[in-house]
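The values are calculated or read from the model by the stated rules, or taken from the named source; none is laboratory data. Because the structure is a prediction, the values reported are computed rather than measured. Here the Cβ positions follow ideal geometry from the backbone for every residue, glycine too, while neighbour counts run over all protein chains shown.
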Amino acid sequence: MSLVELTPAAQEKVRELIQKEEAGKGLRLAVKGGGCSGLSYAQHFDQVKERDNQIAFDGFAVLIDPKSAIYLKGLTLDYDGSLNGRGFVYRNPNASNTCGCGESFSV
């Protein structure tokens with residue numbers, strides 16, 4: 001099992017965004033302090049850093065720093081682009097509590 005998984009919908013959206021805006025960069029998934037539940041998810045396009053975990057997907061890589069990897073192990077990232085969709089959706093088996101918006105969690 002990979003450190004994180006991306007559903008086909010999430011992979012398609014990431015490829016689309018990278019083509020439009022961030023060619024040559026990877027999708028960084030991270031955890032930072034804050035949010036309703038104590039920890040928040042962060043995502044942005046970035047260059048590879050020395051100690052990053054790199055997970056290869058077709059056309060891009062997901063980058064995760066070692067500290068965030070502890071909290072993201074087993075995460076599935078999905079994308080909901082429907083009319084009432086929330087965009088990227090995190091399914092984290094390590095989260096003991098999540099807020100209503102799905103952007104923050106606690107362990």
Quiz item: Residue check: is S40 at pLDDT 80 or above and not in a strand (DSSP E or B)?
Solution: no
Quiz item: In region 69-87, how many are within 16 Å of K32 (Cβ to Cβ) and either of a type in the set (G, A, S) or in contact with a Lys or Arg (Cβ under 8 Å, 6 or more places away or on another chain) (or both)?
Solution: 2
Practice problem: Evaluate region 47-59: report whether one residue or more is in a loop (DSSP other than H, G, I, E, B) and within 19 Å of A95 (Cα to Cα). | Solution: no
Exercise. Determine whether region 7-14 contains at least one residue that is without any contact (Cβ under 8 Å) to a residue 24 or more places away in the chain and either closer than 16 Å to N92 by Cβ or more than 14 Å from the chain's Cα centre (by Cα) (or both).
Key: no
Exercise. Among the residues of region 1-50, count how many are among the polar types (S, T, N, Q) and touching a Ser or Thr at 6+ places or on another chain (Cβ under 6 Å).
Key: 2
Practice problem: Scan region 67-107 for residues that are surrounded by 13 or more Cβ atoms within 10 Å (Cβ to Cβ), β-branched (V, I, T) and modelled with pLDDT of 90 or more and report the count. | Solution: 1
Quiz item: Which numbered condition trips up V48, out of (1) of a type in the set (A, V, I, L, M); (2) at pLDDT below 95; (3) surrounded by 14 or more Cβ atoms within 10 Å (Cβ to Cβ)?
Solution: (3)
Quiz item: Are any residues in region 43-67 of a type in the set (S, T, N, Q) and over 15 Å from L77 (Cβ atoms), and if so, which ones?
Solution: Q47, Q54
